[in-house]
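Q: First the structure, which I've put down as structure tokens, then a few questions once you've had a look.
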Amino acid sequence: MENLLKEFNVDHKNPSEEALRRWRNAVTIVKNRRRRFRMVADLAKRSEAERKRRGIQEKIRVALYVQKAALQFIDAAGEPEYRLSKEATEAGFGIDPDELASTVRGHDMKRLKFHGGVKGIARKVSVNLEEGISKPTIPTRQKIYGLNQFTEKPGRSFLMFAWEALHDLTLIILMICAAVSIGVGVATEGWPSVAVTAISDYKQSLQFRDLDREKKKIFVHVTRDGCREKLSIYDLVVGDIVHLSIGDQVPADGIFISGYSLLIDESSLSGESEPVNVYEDRPFLLSGTKVQDGSGKMLVTTVGMKTEWGKLMETLGEGGDDETPLQVKLNGVATVIGKIGLGFAVLTFLVLTARFLVEKALKNEITDWSSADALILLNYFAIAVTIIVVAVPEGLPLAVTLSLAFAMKKLMNDWALVRHLSACETMGSASCICTDKTGTLTTNHMVVTKIWLCRKAKEIKGTDSVDVLKQETAENVLTILSQAIFKNTAAEVVKDKDGKQTILGTPTESALLEFGLSLGGDFDGQLRENKVLKVEPFSSVRKKMSVLVARPDGGVRAFCKGASEIILSLCDKFVDKNGEPVPLSEDQFNLVLDVINGFACGALRTLCLAYKDMDEVPAESSIPESGYTLIAVVGIKDPVRPGVKQAVQTCQAAGITVRMVTGDNINTAKAIARECGILTEDGIAIEGQDFRNKSPEQLKEIIPKIQVMARSLPLDKHTLVTHLRKMFNEVVAVTGDGTNDAPALHEADIGLAMGIAGTEVAKESADVIILNDNFTTIVNVAKWGRAIYINIQKFVQFQLTVNVVALVINFVSACITGSAPLTAVQLLWVNMIMDTLGALALATEPPTNELMKRPPVGKGMSFITRAMWRNIIGQSIYQLAVLGVLIFGGKKLLGLHGSDATDVLNSVIFNTFVFCQVFNEINSRDIEKLNIFRGMFSSWIFLLVIASTVAFQAIIVEFLGTFASTVPLSWQLWVLSIVIGLIGLPVGAVLKCIPVDSNEAWKKQQNHTGYEPLPSGPDLA
């Protein structure tokens, strides 16, 4: 089968357009093209959307660069003409929405100055730049300036899905046949099929719509009524004061108020890769751009569809998402089987027609034709079409969509937001997870527990120990320590509407600030005391944060904090017990290094705080890189999350290697890794610097053994992921939260961004967002990925068995007896059982813990395994045998006599066939294990589908005889049908005892997890 599916292979991430077009062209036999390709990217629409997007980007580029240059040559002889609208005047505003939008969009400094700069604009939109807007004015602002919402394509109604289901080609042909033969059977029986299909598809669309809404949720910090608060970007209004930091997406068009080193990436809008500095002389910020570095405050001036980003957003959803590899592969399976079915259908029609013509020739009636003869040929054609109905497994690719929709909804409830469908599938094949430490393996609730100050290491436990520290430490030492904490921080102390103080910032910054406040420091007072000249925010590359401030008595002071070893290497002095700087000797340097390592070995995150005084401001206000005085070494406790150790053990048992990649000290990393069970006796812990210096040959040797990488740069993570994927053929999942993690998230097979600590840039590059930042959630995603894969395998096994039996039984019977035992209406019902209802029952089974006791599905493994072929062939032989006996000897065996004997027999055959499929559906719940009932009674969807199938079958046989060509059966014949179907369960058990080498492909793989494949088969029942 795999050789026939060569055209149906696509990459799970960023597949080429050539590959996407190739498999589409290979799909030749489709019953309902609209439905089959609904969840497939529309390449024509996508191409058109890309053309529109380029046009908008070009327009923005002209606005940003050409117009800006042209303004320099415009004669500024008079004020620009401007009129205020009546609506804006009545609302109390001094500027029109269109005037505001064009000024910012066009980067028009001349008009900005005409309006009085940012302060003038603030006055005209009635906002205080310190206090923010007043909440009662929000409805008025929304009425005049609009909502920060984008035009969305309306969802499709249920009737549209019903109309789509009616485009089934075979159903149309059968309805025409029914109309021609003045029958109502097919036409009537077709409606339930249409209804069930439409309901299923409509529910899927609602699930995807809800998930799409979740993907677009972005929150920002704003100041309103003098208080900081967090709200959705869709609630922003013109006049809002928005706080921006590294990794944020600019939520609307606006003007820069204040900030430090604000660097904006405008490539998403203009296509230009060079980031732009934003400051007082270049104050314009455009919606949809990203903060690459620095921080700042902006005044919102334009929202929603008045921004260029709003127009771009209209084109983003056009063309749909890429199809998943499993969808493509099952389209291939459906195509191959469809071709076989078409061959059988044509052959059946030719054989029946030939028999009919031979019979007429033998009776010398070859030239004598009547309308009855035409109806017989039409019936033969209908039989051939119904063979295609069952033969083309249209439900296969659609079952993947159903399974993915179900899994995505469940994962959303379990704190995982899937952004790309294919990630669900790929996660089931993950053989390696490269995870961050802070916040993922640990709780991210940090607190200062140790400090080295004035040559002494002290433990901090509650307020008593803080009071002791204050008593034992000189006043001027505490002053410089407080200044280092409060002046050099990215966190803020803000008051909520109740007046309660809250710390906003990263957990590390918050822990330091909380410690500073406990020492009696005054955060607001420290900020007012000195003017900040320059800030270098913390980044994963610099691994430090620095600030330059003006001193009240003249001169400047630089503060620096960050990774302990890095900051210590910048110091040549330290603060003694009197608060005076004294030289840092080599012995003292080594002593401090021992303190740092001691803290780190106790699983503490270590930071050094330092300062440097200067008489004058350095050139270009640059912050010095040496000559600092060490103030303190701080140890911050970040406990391991509950359940992480068990989650790591689960991964290891499932053949998934967990590697920790962190920017922390190597001793801290090793201590946490041991506590989590990641670092083993034969594993390697390495620093990023050492990793970077290794040759390709050395990397090939050590990468399989690396379990911890500390003090790593984002580039190190990217390099590790690339080598694991290309050198060792691993399927790699990577976690990330920072802006610089985006390349690694993009390179990995599955990028996992953190929902709490993650920046918008990281989330945009990820495939899955872990909403609670918890490692156990990642394991849950892997479990669901495996469940999707195996559920689809179960469904494929079930459907192919139905295909084989229905095809062969109708073909053989038609060729031998001249009629098919299963009519068009009956096969439509069977088609519904195996298509929509079968997918609903088998493709939505929740994952079990057993799934994490087997190795991941390796690259290149056959989707239809030998165990599946064994079950399909075995069940088909059994069903064909019993149905064949009933067809050719049923009357004699059952003692059927009289005029209705043939009708009764055909009803028994139909009933038996359906019950064989019902029990085979139960058999298909597990491909290899004997205990097929495990978890069945807790799966209400499965039980509901089985119950519904049996109930409808009873109604069809007993009450819809006119339409379905059946007659009511006696209770004995009902029992016989059920018993024959029930025997399929022990037959399935016997088949599972036949050994097949299901792990052959796994054994052929070069896997570097160090885990052997776990046993499978009946022994694990």
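Q: Quantify how much of the Cα-Cα distance distribution of the chain extends past 38 Å, in percent.
A: Working: 300871 of 520710 pairs.
It works out to 58 percent of all Cα pairs.
Q: In a Debye calculation with equal point scatterers on the alpha-carbon sites of the stretch 586-631 and no solvent, what is log10 I(q)/I(0) at q = 0.15, 0.18, 0.21 Å⁻¹?
A: Values, matching the q order: -0.56, -0.69, -0.81.
Q: How much accessible surface does residue 979 have with a 1.4 Å probe, in Å² rounded to 10?
A: Ignoring ligands and nucleic acids, residue 979 comes out at about 70 Å².
Q: Continuing with this model, one more query. Measuring from centroid to centroid over Cα atoms, what is the spacing of the stretch 400-423 and the stretch 931-996 in Å?
A: Measuring centre to centre over Cα atoms gives 31 Å.
Q: Continuing with this model, one more query. Whole number in Å², please: accessible area per residue of the stretch 790-1006, 1.4 Å probe, ligands, DNA and RNA not counted.
A: On the way: 8430 Å² over 217 residues.
Accessible area per residue: 39 Å².
Q: Sequence-distant or interchain residues sharing an amide H contact under 5 Å with residue 632, placed H: which?
A: Those qualifying (amide H under 5 Å, at least 5 residues apart or on another chain) are 609.
Q: What do you reckon, how do 850, 17 stack up by accessible area (1.4 Å probe), largest on top? Walk me through the numbers before you get to the answer.
A: Details: 850 55, 17 100 Å².
The ordering from most to least exposed comes out as 17, 850.
Q: At what distance in angstrom do the alpha carbon centres of the stretch 235-287 and the stretch 689-709 lie from each other?
A: One Cα centre to the other: 39 Å.
Q: Only Cα pairs under 8 Å and at least 6 apart count here; give the relative contact order of the chain as a rounded whole percent.
A: Values: 1846 pairs, mean separation 123.7, N = 1021.
For the chain, the relative contact order is 12 percent.
Q: How do 806-818, 779-791, 471-483 rank on mean C-beta neighbours within 10 Å, highest first? Mind dumping the intermediate values first?
A: Details: 806-818: 19.2, 779-791: 24.3, 471-483: 16.4.
By packing density, highest mean first, the sequence is 779-791, 806-818, 471-483.
Q: Still on this structure, please answer the following. Where does each of 243, 445 land when they are ordered by accessible area, with a 1.4 Å probe and the largest first?
A: Details: 243 30, 445 140 Å².
Greatest to least solvent exposure: 445, 243.
Q: Whole percent per 5 Å bin, from 0 to the bin with the longest distance: what is P(r) over all C-alpha pairs of the stretch 417-520?
A: 2, 10, 15, 17, 14, 11, 8, 6, 6, 5, 4, 2, 0
Q: What residue among 37, 163, 782 has its Cα farthest toward the positive end of the dipole of the chain, where the charges are +1 on Lys, Arg and -1 on Asp, Glu, each on the Cβ?
A: 163
Q: Give me the Kirkwood hydrodynamic radius of the stretch 924-967, using the inverse of the mean 1/r over all pairs of distinct Cα atoms, in Å to one decimal. Mind showing how you got there, number by number?
A: On the way: mean 1/r = 0.0805 Å⁻¹.
By the Kirkwood definition, the hydrodynamic radius is 12.4 Å.
Q: I want to verify the translational diffusion coefficient of the stretch 211-305 in µm²/s; compute it with Stokes-Einstein, Rh as the Kirkwood radius over Cα pairs, at 37 °C and 0.692 mPa s.
A: Values: Rh = 13.4 Å.
D = 245 µm²/s.
Q: Right, here's the next one. Evaluate the stretch 474-614: find the radius of gyration of its Cα atoms, find its Kirkwood radius, and give the ratio Rg to Rh. Let's see the in-between values first.
A: Values: Rg = 15.6 Å, Rh = 16.1 Å.
Rounded to two decimals, Rg over Rh is 0.96.
Q: Treating only the Cβ atoms of Lys and Arg (+1) and Asp and Glu (-1) as charged, compute the dipole magnitude of the chain about its Cα centre; round to the nearest 20 debye. Could the numbers behind the result be given before it?
A: Values: 111 positive and 114 negative charges, 317 e Å.
Computed about the Cα centre, the dipole is about 1520 debye.
Q: Considering only protein heavy atoms, what is the solvent-accessible area of residue 244 at a probe of 1.4 Å, reported in Å² to the nearest 10?
A: Surface accessible to solvent at residue 244 totals approximately 10 Å².
Q: Where Rh is the Kirkwood radius over the Cα pairs of the stretch 790-1006, the temperature 25 °C and the viscosity 0.890 mPa s, what D in µm²/s does Stokes-Einstein return?
A: Values: Rh = 18.3 Å.
D, rounded to a whole number, is 134 µm²/s.
Q: Which value, in nm² and rounded to one decimal, describes the direction-averaged projected area of the C-alpha convex hull of the stretch 733-844? Each step should come with its number before you reach the end.
A: Working: hull surface 37.5 nm².
Projected over every direction and averaged, the Cα hull of the stretch 733-844 covers 9.4 nm².
Q: Solvent-accessible area per residue for the stretch 474-614 at a 1.4 Å probe radius, Å²?
A: Values: 6090 Å² over 141 residues.
Solvent-accessible surface per residue comes out at 43 Å².
Q: Using DSSP, restrict attention to beta bridges with both residues in the chain and report what percent are antiparallel, rounded to the nearest 5.
A: Working: 78 of 102 bridges.
Roughly 75 percent of the DSSP beta bridges within the chain come out antiparallel.
Q: Considering the Cα trace of the stretch 566-687, what is its radius of gyration and what is Dmax, both in angstroms?
A: Just the Cα atoms of the stretch 566-687 yield Rg and Dmax of 19.1, 62 Å.
Q: Leaving out ligands and nucleic acids, and using a 1.4 Å probe, what accessible area per residue does the stretch 292-365 come to in Å²?
A: Working: 2810 Å² over 74 residues.
Accessible surface, normalised per residue, equals 38 Å².
Q: Quick check: from the Cα gyration tensor, does the stretch 492-557 come out rounded (a/c under 1.5), prolate or oblate?
A: Working: a/c = 2.11, a/b = 1.22, b/c = 1.73.
Since a/c reaches 1.5 but b/c is at least a/b, the shape of the stretch 492-557 is classed as oblate.
Q: Which of the helices in the chain meet the span-like rule: DSSP H, Cα axial reach of 20 Å or more, Kyte-Doolittle mean at least 0.5? Spell out each step's value before the answer.
A: Working: long enough: 43-61 (26 Å, -1.74); 185-215 (46 Å, -0.54); 325-362 (55 Å, 1.27); 371-391 (30 Å, 2.10); 395-413 (27 Å, 1.07); 586-601 (22 Å, 0.56); 775-817 (63 Å, 1.07); 866-894 (39 Å, 0.75); 901-923 (32 Å, 0.80); 940-959 (27 Å, 2.13).
Sorted by number, the helices that extend far enough and score high enough are 325-362, 371-391, 395-413, 586-601, 775-817, 866-894, 901-923, 940-959.
Q: Another question about this same structure. Rounded to the nearest 0.05, what FRET efficiency do residue 130 and residue 277 give with R0 = 30 Å and r taken as the Cβ-Cβ distance? Could you check? Working shown, then result.
A: Working: r = 25 Å, r/R0 = 0.82.
In this case the efficiency is close to 0.75.
Q: Report, in listed order, any pair from 544/612; 470/495; 717/763 with a Cα-Cα distance greater than 20 Å.
A: On the way: 544/612 15 Å; 470/495 26 Å; 717/763 17 Å.
From 544/612; 470/495; 717/763, over 20 Å: 470/495.
Q: Keeping the other protein chains in place, figure out the carbon and sulfur percent of the accessible area of the chain, with a 1.4 Å probe. Please list the in-between numbers first.
A: Values: 24250 of 43060 Å².
Looking at the chain in its full context, I get 56 percent from C and S.
Q: Normalised by the residues of the stretch 474-614, what does the relative contact order come to in percent, with Cα pairs under 8 Å and at least six apart?
A: On the way: 195 pairs, mean separation 32.0, N = 141.
It rounds to 23 percent for the stretch 474-614.
Q: Also: Compare the peptides 548-557, 682-691 by average per-residue count of other Cβ atoms within 10 angstrom and give them in order, highest first. Intermediate results must be reported in sequence, preceding the final value.
A: Values: 548-557: 15.2, 682-691: 17.3.
Result, highest mean Cβ count within 10 Å first: 682-691, 548-557.
Q: Ratio of the stretch 819-894's C-alpha Rg to 2.2 N^0.38 Å, to two decimals? Please report the intermediate quantities before stating the final value.
A: Numbers: Rg = 18.2 Å, N = 76, 2.2 N^0.38 = 11.4 Å.
For the stretch 819-894, the normalised Cα radius of gyration comes out at 1.59.
Q: State the Cα centre-to-centre distance between the stretch 370-390 and the stretch 473-542 in whole Å.
A: A separation of 84 Å, based on Cα centres.
Q: Taking the stretch 526-610, which GluC sites (Glu not before Pro) meet the DSSP loop condition and have no more than 10 other C-beta atoms within 10 Å? Before the final figure, lay out each step's value.
A: Values: sites: 529, 565, 586; in loops: none.
Of the GluC sites (Glu not before Pro), not one in the loops of the stretch 526-610 has a Cβ with at most 10 other Cβ atoms within 10 Å.
Q: Another question, if that's okay. For the stretch 260-316, rounded, prolate or oblate, judged on the Cα gyration tensor with a ≥ b ≥ c (square roots of eigenvalues), a/c < 1.5 rounded, else prolate if a/b > b/c? Numbers along the way, then the final one.
A: On the way: a/c = 2.44, a/b = 1.43, b/c = 1.71.
Here the stretch 260-316 falls in the oblate category.
Q: For the stretch 698-797, what class follows from the C-alpha gyration tensor (a ≥ b ≥ c being the square roots of its eigenvalues): rounded when a/c is under 1.5, otherwise prolate if a/b is larger than b/c, else oblate?
A: Numbers: a/c = 2.14, a/b = 1.23, b/c = 1.74.
Oblate, because a/c is 1.5 or more while a/b does not exceed b/c.
The values are calculated or read from the model by the stated rules, or taken from the named source; none is laboratory data. What you are looking at is a predicted structure, and each value in this text was computed from that prediction instead of being measured. FYI the Cβ positions are ideal-geometry reconstructions off the backbone, even for glycines, and counts take in every protein chain you see. Quick note on the areas: whole protein, heavy atoms, side chains included, nothing else; ligands and nucleic acids left out. Shrake-Rupley method; radii C 1.70, N 1.55, O 1.52, S 1.80 Å.
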